[in-house]
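Beneath this line is the structure, given in structure tokens, with notes to follow.
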């Protein structure tokens, strides 16, 4: 197509263009910064999608950051944000801190996800602020990525008790306001005192949402069996087919055989006791009327 | 035959003489029923004495309420009576004694018109179109007389006689007209009656005369005793809607009030009359007095609920407001104004107001829910209340003694509190009242009124019209900026259920007050996703107005334009981006390159790119920019620059402008507007491969030696492509009278051409097709954070050239038309990255 256009141009223009094209041989071996210097959107996307962890991730992250700062079309912006997430370089943090305030909600969501993948402890509060976003999509994403955010004791992020408590408080509030993704994250981050607060939502929120939180509580090794037994007791009180399926599935998972015998026994007992209240009623069989039914 | 002719002539002569006599001889109206077919009611009537002294001091003389308000009067001994029609249950007429706080009588009757209190009777028209009169003491029916016309206007009582007027509006001449009837309250008999074919007003009494307005133009006086015409005269000035008697003098008016004076003769120079007007226009545009031509229904209507309550007094200087105040009622709102338009107090009632009446230092208010309030006229304090047992649809009151207040009245709320209550009221009907309250709030010197206005704006159910009004009045408020600043700071918060700040109400006020402290907050809102597109435009305007060319303002606008110029977020409305780009363009320095780059970027939103072309053409960047980009005189010993800038090329071509123009003029092609040169320039400044568009052999032949002779200077970067456009300015009619005429007569595009400056064809700016996109900068090595490389760079940093070292073989210019893989050349080498947005800084 492009060549066809070139063929229609005057000879002088062809001469100019051919010289220009000759000056710019595209080479995959060029540094990323040079490969991104193009208005060709397809090429930009191709280059961005190829990006992944390498020995020069910081340099690549700076190049992608510069691309984002220059302002791009929507699709390029989104791919660039995803690329920054894949690069996991802290060089990309700064530009991401701008893009978590972008006007498009999807762009903000991608920026939060990229920040979470970079996993700088300083960004925990920033991602927690995503729970206050006006977009449900962004709030849900922020709640979800917090669950996967790594922490180390003593870091300024989730390793800090104050920060973790504040995040869990916000998650509980967000959950009560309909951010269902927060339930699972609460189960991963919340201390023992957050269990009753999550349980307070029973009857107000769908049980399937809360079970994600309870499942994560039961998975954790830093929580005592006492807390987990309380959760089992709560679930037994709630009862129903959903709870029974949940408990049965938990017992069936091989990795849970490492749990304490007391917890396993409690869950097995609860699973046996819980009745399927929501089972479909048995349809009565109509008697066959001789001479009428065949 | 002859005798027959004579008889016919005699009959015609008699007819003519009768017609002439009836029209000119001034025959009085007969006391009996008479139909006046055509012409003014004053035809043939004796002239009316406009300033006649009152002959009797009856109850129909000056309004007691007016007198009480103008002169110190002894406490009236007669109790004030309130007549009202009920709204609940079976329809009833109730007469209530306000002094004794008890009913006098209650009559079961369905009324069609608002009951009217006269001297000793209460009159109205019932559902059967009968004028009924009840004894004010006992409630017995004194008379019941048919009302001949469809609309009953009202009545007045002089002694035992009640004079009532009714009218009918119709397109049929035989149905159109008015009737004025005198009824003896003692036996209900009709003493006299006049039917006229035009409109009459509600009657008023002056002594033994009753006066009506006729067709809004004449005052017609009738003797009460026999109905004969006592006088008639057209009034001076515009049409009058109401008539009132003040101590024998006549007051008339429409939206205004003025003394009634006879119309001047043809030779009499028109003298202006002293008028009393309301100091400003109120919602629903009420007049000082309601029209006397209108019939007031007994049921719910705007009468009493919307209008002005003002007592008038006639002074030598003309009519004045008694007590220097007037009230304005709008359903549940009552605003008390001074004569100069200064609001004194306001009150929001729990139900619609059906009646207000100034009673000396008090203001009596009756509401639809049956509440009767005595408010202090000076401060609006609630002095006493009564509660009627009925809901009221319409009422009238005659002045007199009201009940005494018991106990200490509660202190009146402040004017700001009252207005805020009205402005925040959610009654959908009260929008005009809420707007009026907002306007009055904005006039207050109390800074906290700004907070009330912001609360009104952010109220969940505030109509958009109210919001727009609040924003408008807040925009011009000189105080209360602290509240605007405080409201600007907190953004949207889902967890805290905090809405986004009302920027449409905040930003104009900040701009109006030149509040530069708002700049950080505005920048924060600029990048707030919860700021709507309309608000973003406002925020940009605010940053431009308050920030000017400060580094904070320019860097934030640059970041904004850079971030969103290709984004779909501003697809529906690019005005904010255009405004920001315009400010950057005018600011000059590095921002010019940014705008140029955005204009060239194919990903730029099309509306934005289209808007940038005229913007960049119309507004020249600051001279400082020209100085920046213009090539400095090279010192002989200076090292060759790394590359040749577009400014250098333009400057070199500009030196040969006269010769190039001569070549173009030789073509004698008036349609030629641009000549474009494409060439290759070597490192030593020599040229080759020159191509000229349009392709005219004569032109190419003429300009080639000129271009070859042009010195482009030596650079270190080797060969480079160059392109230059020579803008051909029309050479005719640019000077002298012809030019002026051309300016006047030419179409707009021609005038634009003629206005173009001669220097434009030697424009030193980079042509648009040259790709010098500074938006993208390749960074292969981490940047060392400069001392001032913060997120908000300094002015000096912003003004510095942008760029990063370019690849060694990177061309200077982009293709003149899209190539399969267009490139974004890097900026000039050696320039330090300075802007925190499009040049990355080292992360923490």
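For segment B:486-507, the criterion of being over 29 Å from residue A:132 (Cβ atoms) and either within 14 Å of chain A (Cβ to nearest Cβ) or not in a helix (DSSP H, G or I) (or both) is satisfied by no residue at all.
Criterion applied to B:594, B:557 was being more than 12 Å from every other protein chain (Cβ to nearest Cβ) and either within 36 Å of the chain's Cα centre (by Cα) or buried (at least 22 other Cβ atoms within 10 Å of the Cβ) (or both), and the one residue passing it is B:557. Just one of (1) more than 9 Å from every other protein chain (Cβ to nearest Cβ); (2) part of a loop (DSSP other than H, G, I, E, B); (3) surrounded by fewer than 21 Cβ atoms within 10 Å (Cβ to Cβ) trips up residue A:157, so point out which. Single failed check for residue A:157: (3). Look at (1) closer than 22 Å to residue A:201 by Cα; (2) away from chain B (no Cβ under 14 Å); (3) crowded, with 18+ Cβ neighbours inside 10 Å and you find that residue A:167 fails only one, number (2).
Test of understanding: among B:678, B:670, B:698, which residue is in contact (Cβ under 8 Å) with a residue 40 or more places away in the chain and farther than 24 Å from residue B:720 by Cβ? Testing whether each residue is in contact (Cβ under 8 Å) with a residue 40 or more places away in the chain and farther than 24 Å from residue B:720 by Cβ leaves just B:670. Residue check: is residue A:80 over 16 Å from the mean Cα position of the chain (by Cα) and within 23 Å of residue B:568 (Cβ to Cβ)? It is true that residue A:80 is over 16 Å from the mean Cα position of the chain (by Cα) and within 23 Å of residue B:568 (Cβ to Cβ).
Residues checked against (1) crowded, with 19+ Cβ neighbours inside 10 Å; (2) at positive phi; (3) touching a helix residue (DSSP H, G or I) at 6+ places or on another chain (Cβ under 7 Å); (4) not in a helix (DSSP H, G or I):
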| position | (1), (2), (3), (4) |
| --- | --- |
| A:103 | yes, no, yes, yes |
| A:109 | yes, no, yes, no |
| A:115 | yes, no, yes, no |
| A:122 | no, no, no, no |
| A:127 | yes, no, yes, no |
| A:131 | yes, no, yes, no |
| A:134 | no, no, no, yes |
| A:138 | yes, no, yes, no |
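So, in segment A:67-95, exactly how many residues are more than 10 Å from every other protein chain (Cβ to nearest Cβ) and part of a helix (DSSP H, G or I)? Total satisfying the criteria: 10.
When segment B:597-619 is limited to residues that are in a loop (DSSP other than H, G, I, E, B) and within 10 Å of another protein chain (Cβ to nearest Cβ), the one that is surrounded by the fewest Cβ atoms within 10 Å (Cβ to Cβ) turns out to be B:602. For segment A:173-184, filtered to residues that are in a helix (DSSP H, G or I) and closer than 14 Å to residue A:147 by Cβ, the residue that is farthest from the other protein chains (Cβ to nearest Cβ) is A:184.
Restricting attention to segment A:205-233, the residues being over 22 Å from the mean Cα position of the chain (by Cα) and assigned to a helix (DSSP H, G or I) number 9. Filtering A:152, A:166, A:174, A:182 for residues that are touching a residue at least 12 places away in the same chain (Cβ under 8 Å) and within 15 Å of the chain's Cα centre (by Cα) leaves a single hit, A:182. The set of residues from segment B:332-346 being surrounded by fewer than 20 Cβ atoms within 10 Å (Cβ to Cβ) and either touching a residue at least 24 places away in the same chain (Cβ under 8 Å) or under 21 Å from the mean Cα position of the chain (by Cα) (or both) comprises B:339, B:340, B:341, B:342, B:344. Here segment B:347-367 is the region considered, the condition is being outside any strand (DSSP E or B) and without any contact (Cβ under 8 Å) to a residue 60 or more places away in the chain, and the residue that is surrounded by the most Cβ atoms within 10 Å (Cβ to Cβ) is B:352. Residues considered: B:167, B:148, B:181. Of these, the only one that is buried (at least 20 other Cβ atoms within 10 Å of the Cβ), out of contact with any helix residue (DSSP H, G or I) (no Cβ under 8 Å at 6 or more places or on another chain) and more than 22 Å from residue B:208 (Cα to Cα) is B:167.
May I ask you to verify whether residue B:279 is at pLDDT 80 or above, closer than 14 Å to residue B:310 by Cα and surrounded by 16 or more Cβ atoms within 10 Å (Cβ to Cβ)? No; evaluated as a whole, the condition is false for this residue. Which condition does residue B:225 not pass, out of (1) assigned to a loop (DSSP other than H, G, I, E, B); (2) modelled with pLDDT of 90 or more; (3) crowded, with 20+ Cβ neighbours inside 10 Å, if it passes all the others? For residue B:225, the failing item is (3).
Does segment B:292-319 hold any residues that are free of Cβ contacts under 8 Å to residues at least 24 places away in the same chain, more than 30 Å from the chain's Cα centre (by Cα) and not in a loop (DSSP other than H, G, I, E, B), and which are they? The answer is B:315, and nothing else. On the stretch given as segment B:560-575, residues that are crowded, with 23+ Cβ neighbours inside 10 Å and away from every other protein chain (no Cβ under 11 Å) total 1.
Can you tell me which of B:409, B:413 is over 32 Å from the mean Cα position of the chain (by Cα) and in a loop (DSSP other than H, G, I, E, B)?
It is B:409.
The values are calculated or read from the model by the stated rules, or taken from the named source; none is laboratory data. All values derive from a computational prediction rather than experimental measurement. Positions of Cβ are generated from backbone atoms using ideal geometry, with glycine treated the same way; all protein chains shown enter the neighbour counts.
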